[in-house]
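Working notes, beginning with the structure itself.
The values are calculated or read from the model by the stated rules, or taken from the named source; none is laboratory data. Only a predicted model underlies this, so the values are computations on that prediction, with no experimental measurement involved. When we count neighbours, we look across all protein chains shown, and the Cβ atoms used for this are built from the backbone with ideal geometry, even at glycine.
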Amino acid sequence: MNGLIGRKLGMTRVFNAEGTHIPVTVIEAGPCAVVAVAEGGRVELGFGAKKPKRTPKALAGHVKKAGIETAPRVIRSFFPVGEDTPPKAGEAITVAIFAEGDRVKITGITKGRGFQGVVHRHHFHGGPETHGNTRHRKPGSIAPGTDPSRIIKGKRMPGHMGARNFTELGLRVVKVDAERNLLFVRGSVPGPMNGLLTVRKQGGPSRHD
């Protein structure tokens, strides 16, 4: 497998052999049960556990085919790359699929910031901070008056900020703790503490190199 579902636990730092501290995000990655293996190599992995009284009968029947007693909290699909034999339904995928030095891409839902203006949302400079000015944090002119007489689609405006899917690319695995199912990744990842994450292996350069 080339990926796992995990949960963001928070940030800390570790020290390398030279004594340099490295900021890392700690992720509880797996174990993830293989719920199903579909045609084309698509593998469904489950993470966490739902309460029985909150488990739909259709979901309970779906996971029962794989020999899983408790329905997972979340199910995500993965496409294994470079593997001859995909995992079988009912198997458990652990954090051991990663190794120190691997590059990964991590997807999560960013923190919600609510309704924000253009200064916070798009980093506008704002108006002059002078006496008498009343446009300190306003967007200013947003469209021509006669042609095209409308606001162009995609114009940066005030609006809802955050709470969207975001993928951070090129992060390095600093440490793997297989006993506690922990993954230490250099840098920050999207989402709040205890937020769900998808961790996948990635080729190509890293922004930390």
From I75, I68, which residue is outside any loop (DSSP other than H, G, I, E, B) and within 16 Å of C32 (Cα to Cα)? I75
Name the pairs whose Cβ atoms lie under 7 Å apart, with the first residue in region 16-42 and free of Cβ contacts under 8 Å to residues at least 40 places away in the same chain, the second surrounded by 13 or more Cβ atoms within 10 Å (Cβ to Cβ) and part of a loop (DSSP other than H, G, I, E, B), and 6 or more positions between them or separate chains? R42/F79
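A quick yes/no check of all residues on (1) of a type outside the set (K, R); (2) in contact (Cβ under 8 Å) with a residue 12 or more places away in the chain; (3) on the phi < 0 side of the Ramachandran plot; (4) in contact with a Gly (Cβ under 9 Å, 6 or more places away or on another chain):
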residue	(1), (2), (3), (4)
V95	yes, yes, yes, yes
D102	yes, yes, yes, no
R121	no, yes, yes, yes
D147	yes, no, yes, no
I151	yes, no, yes, no
E168	yes, yes, yes, yes
Only one of P128, P52, P87 is in contact (Cβ under 8 Å) with a residue 60 or more places away in the chain, at negative phi and over 23 Å from the mean Cα position of the chain (by Cα); which? P87
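Yes/no per residue for (1) modelled with pLDDT of 90 or more; (2) in contact with a Gly (Cβ under 8 Å, 6 or more places away or on another chain); (3) of a type outside the set (D, E, K, R); (4) assigned by TED's automatic domain parsing to the domain that holds I97:
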residue	(1), (2), (3), (4)
G10	yes, no, yes, yes
A17	no, no, yes, yes
E28	yes, yes, no, yes
L59	no, no, yes, yes
V63	no, yes, yes, yes
G67	no, yes, yes, yes
Has region 59-72 got any residue that is within 29 Å of A163 (Cβ to Cβ), touching a residue at least 60 places away in the same chain (Cβ under 8 Å), surrounded by 14 or more Cβ atoms within 10 Å (Cβ to Cβ) and under 24 Å from the mean Cα position of the chain (by Cα)? no
Within the bounds of region 47-55, is there any residue that is part of a strand (DSSP E or B) and either under 19 Å from E168 (Cα atoms) or aromatic (F, W, Y) (or both)? yes
Please state which of the following conditions M1 fails to meet, knowing it meets all the rest: (1) aliphatic (A, V, I, L, M); (2) closer than 16 Å to L196 by Cα; (3) in contact with a helix residue (DSSP H, G or I) (Cβ under 6 Å, 6 or more places away or on another chain). (2)
Considering only strands (runs of 3 or more DSSP E) wholly within region 88-206, the ones with at least 3 residues that are outside the structural domain of G48 (by TED's automatic domain parsing), closer than 30 Å to G67 by Cβ and of a type in the set (S, T, Y) are none
Would you confirm, using the coordinates I've provided, whether K64 is in contact with a Pro (Cβ under 7 Å, 6 or more places away or on another chain) and under 30 Å from L45 (Cα atoms)? no
